[in-house]
Amino acid sequence: MARPTKQFPERGDARTRLLEAARDTIRRQGFAASSVEDFCREAGVTKGAFFHQFGSKEALGVAAADYWAETTTAFFAAAPYHAPKDPLERILAYLDFRAGIIEGEIAEFTCLVGTMAQEVYGSSPAIRDACAASIFGHAKTLVPDIQAAMEARGIADAWTAESLAQHFQAVLQGAFILAKAGNDPAYVKESIAHLRRYVELLFSIPNKGKRK
């Protein structure tokens, strides 16, 4: 999941400044290419303050993933896509909202935990697991609306609400990679538009058969 940095301005304490420095620096240049010195310079703190707060770069990576999950959860919980009464309309409004926050530089809207997971999944299980908790945790927030939309339209098929919610994440994370590779945010909006059309088609013909 992603959000523009400007939605959460920096606060004063050293720990938070380092977490926000990690968020911004890693999204710009990746985890491996970011050093403790980079984080300290971005946060305006000393290396002594860094090691007092985190102890290691890996520990900061884990904490940054947790902080990302915390702040983005609040961001999406307050978003307007929850307003429609129809659960399918809420799902579509969610996708419209995701498209609407694709603005500014690529580093401002791409996903911190997606970026880190791609880099460290084999080298740092602790960071990988923290990233997984954030990515799958956000997907779970969509499950109740998807399940309600399936029930309202009599859909019982081989796919589940959980699998569709995770597919949303697969499309979004893949779209962020395309935007980075092509240096163009338009790839993300195009991918979300295709995903929206897919959802509309998926719910257009109810299948009343038993789930396989």
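Within region 92-119, the set of residues being open to solvent by less than 10 Å² (accessible area, probe 1.4 Å), in a helix (DSSP H, G or I) and among the β-branched types (Val, Ile, Thr) comprises Val113 only. Identify the residue in region 160-183 that is more than 16 Å from the chain's Cα centre (by Cα), among the small types (Gly, Ala, Ser) and exposed (fewer than 15 other Cβ atoms within 10 Å of the Cβ) and, among all such residues, is farthest from Ala133 (Cα to Cα). My answer is Gly182. Only residues that are surrounded by fewer than 17 Cβ atoms within 10 Å (Cβ to Cβ) and out of contact with any Cys (no Cβ under 7 Å at 6 or more places or on another chain) were counted across region 43-56, and they come to 7.
Of all residues in region 146-161, those that are within 13 Å of Leu88 (Cβ to Cβ) have Cβ atoms under 7 Å from Cβ atoms of residues that are open to solvent by 40 Å² or more (accessible area, probe 1.4 Å), 6 or more apart or on another chain, in Arg153/Pro206; Gly154/Pro206; Gly154/Lys208; Ile155/Pro206; Ile155/Asn207; Ala161/Gln147. Residues that are among the aromatic types (Phe, Trp, Tyr) and closer than 11 Å to Leu112 by Cα within region 45-68 comprise Tyr67, Trp68, listed in sequence order. Is region 133-143 home to any residue that is over 22 Å from Ala64 (Cα atoms) and either in a helix (DSSP H, G or I) or at pLDDT 95 or above (or both)? Yes, region 133-143 contains a residue that is over 22 Å from Ala64 (Cα atoms) and either in a helix (DSSP H, G or I) or at pLDDT 95 or above (or both). The residues on offer are Glu151, Glu200, Glu190, and the sole one that is among the charged types (D, E, K, R), assigned to a helix (DSSP H, G or I) and in contact with a Leu (Cβ under 8 Å, 6 or more places away or on another chain) is Glu200.
Restricting attention to region 75-86, report how many residues are within 15 Å of Ile101 (Cα to Cα) and either in a helix (DSSP H, G or I) or open to solvent by 90 Å² or more (accessible area, probe 1.4 Å) (or both).
Just the residues of region 75-86 that are within 15 Å of Ile101 (Cα to Cα), to begin with: 75-81.
This time we only want the ones that are either in a helix (DSSP H, G or I) or open to solvent by 90 Å² or more (accessible area, probe 1.4 Å) (or both), so: 75-77, 80-81.
Residues flagged as within 15 Å of Ile101 (Cα to Cα) and either in a helix (DSSP H, G or I) or open to solvent by 90 Å² or more (accessible area, probe 1.4 Å) (or both) within region 75-86 amount to 5.
The values are calculated or read from the model by the stated rules, or taken from the named source; none is laboratory data. Note that this is a predicted model, so its numbers are computed, not measured. FYI the Cβ positions are ideal-geometry reconstructions off the backbone, even for glycines, and counts take in every protein chain you see. With ligands, DNA and RNA removed, areas are computed over all heavy atoms of the protein, side chains included. Shrake-Rupley method; radii C 1.70, N 1.55, O 1.52, S 1.80 Å.
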